[in-house]
Amino acid sequence: MTYQGLPADTVAFLADLTDHNDKAWFDAHRDRYETAYKQAGIDFIEAMAPLVADLSPHVVAEPRLNGSLRRIHRDTRFSQDKTPYKDHLDIIFSDERSPSMAFFFRLKADALMVGGGCYQFDKPTLDRWRQAVLRDGDRIAAILAGLRALDAETHMEPLKRVPRGFDHDHPHAELLKLKSVGLVQAMPVPDVLFTPDAPAHVASLMRPYRPLVDLLATL
């Protein structure tokens, strides 16, 4: 069956969930979750799969919950915010060379966010990142500058100071301060998401992030 786009109720469900983020409401509307969130996400990932493969042969589209489709339930164990559900639909297309490096898709009731990179470096990756900056800082800076020209913004605040053991006057000191390199472009929800052209449109938004994902996956 030809893909027809995300159902209109996906955005409506996310808006209603934002206003009623509790278990009683969610349980009463579980059928909408199953169709407008879970199945809608799986269908979208399946439609995206050949386009993702075209973006990069190393990036994987897994059309299943806890594959490319992230759970709607929040982990509240270590958070002061105890609301049980996310107010957005998250899809991650991970690079098999380093699965924490990925293309990002996040749909909220009032915004679409698309990007790429890594949300959080672990210690070994952070060490490799800093060494890459020392070796090839000009190229890395050019990749990030190109994405920022698209109004993409970094996900996490950098360190206030250059880390210990590195030159505070290094020409790429700002890159050395980064704790992760995930950039995301936010925009109003486009009508095209609800049409058969949705996968091609999202793939075109993700394409500029390929150099960054490739860079991070091969640190």
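The values are calculated or read from the model by the stated rules, or taken from the named source; none is laboratory data. Keep in mind it's a predicted model, so treat the numbers as computed, not measured. A quick note on method: Cβ atoms are made from the backbone with ideal geometry, for glycine too, and the neighbour counts reach across all protein chains shown.
Miscellaneous remarks
- In the set (1) surrounded by fewer than 18 Cβ atoms within 10 Å (Cβ to Cβ); (2) under 20 Å from the mean Cα position of the chain (by Cα), residue 31 fails one condition alone, (2).
- Taking the range 123-140 as the range and being aliphatic (A, V, I, L, M) and either part of a loop (DSSP other than H, G, I, E, B) or touching a His at 6+ places or on another chain (Cβ under 6 Å) (or both) as the test, only 133 passes.
- The listed residues are 193, 159, 215, and the only one of them that is under 17 Å from residue 102 (Cβ atoms) and either aliphatic (A, V, I, L, M) or assigned to a loop (DSSP other than H, G, I, E, B) (or both) turns out to be 215.
- Of residues in the range 45-98 being over 21 Å from residue 208 (Cβ atoms) and polar (S, T, N, Q), the one surrounded by the fewest Cβ atoms within 10 Å (Cβ to Cβ): 80
- A residue that is surrounded by fewer than 16 Cβ atoms within 10 Å (Cβ to Cβ), outside any loop (DSSP other than H, G, I, E, B) and basic (Lys, Arg) occurs somewhere in the range 144-155.
- Evaluation of residue 120 against (1) in a loop (DSSP other than H, G, I, E, B); (2) surrounded by 14 or more Cβ atoms within 10 Å (Cβ to Cβ); (3) within 18 Å of the chain's Cα centre (by Cα); (4) not hydroxyl-bearing (Ser, Thr, Tyr) (one fails), failing number: (2)
- Residues within the range 74-91 that are modelled with pLDDT of 95 or more and touching a Ser or Thr at 6+ places or on another chain (Cβ under 6 Å), tallied: 2
- Across the range 92-102, a minimum of one residue is classified as of a type in the set (Val, Ile, Thr), touching a residue at least 12 places away in the same chain (Cβ under 8 Å) and under 21 Å from residue 197 (Cα atoms).
- Selection of helices (runs of 4 or more DSSP H) fully inside the range 1-79 by the criterion of at least 2 residues being of a type in the set (Asp, Glu) returns 8-19, 40-55.
- Annotation note: Cβ proximity below 9 Å between a residue of the range 35-56 that is touching a residue at least 40 places away in the same chain (Cβ under 8 Å) and on the phi > 0 side of the Ramachandran plot and a residue that is buried (at least 18 other Cβ atoms within 10 Å of the Cβ) and part of a helix (DSSP H, G or I) (sequence gap 6+ or interchain) occurs for no pair.
- Test: residue in the range 171-189 that is surrounded by 17 or more Cβ atoms within 10 Å (Cβ to Cβ), touching a Lys or Arg at 6+ places or on another chain (Cβ under 8 Å), of a type in the set (A, V, I, L, M) and assigned to a helix (DSSP H, G or I): yes
- Of all the numbered requirements in (1) modelled with pLDDT under 95; (2) touching a Lys or Arg at 6+ places or on another chain (Cβ under 9 Å); (3) under 29 Å from residue 41 (Cβ atoms), residue 155 misses one, and that requirement is (2).
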